[in-house]
């Protein structure tokens, strides 16, 4: 492969990589939001929360 071909393939990979990275970051944030929301609901309901674990 020539240097130009390597640069072309690199410029093709970078946007894809950025898109995948952004997508996974969004997924992690959504999962974190859902988890914290369910924890807050559990705390608000006051059910099955051992107060000894929350210090």
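The values are calculated or read from the model by the stated rules, or taken from the named source; none is laboratory data. Computed from a prediction, not measured in an experiment: that's the story for all the values here. With ideal geometry, Cβ positions are generated from the backbone for all residues, glycine too; neighbour counts draw on all protein chains shown.
Among residues of region 1-29 that are at pLDDT 80 or above, none has a beta-carbon under 9 Å from a residue that is part of a helix (DSSP H, G or I) and surrounded by fewer than 10 Cβ atoms within 10 Å (Cβ to Cβ) at least six positions away or on a different chain. Sub-9 Å Cβ pairs linking a first residue in region 37-54 that is at negative phi and assigned to a helix (DSSP H, G or I) to a second residue that is surrounded by 10 or more Cβ atoms within 10 Å (Cβ to Cβ) and at pLDDT below 60, at least 6 apart or interchain, are 39/49; 42/49; 43/49, ordered by first then second residue.
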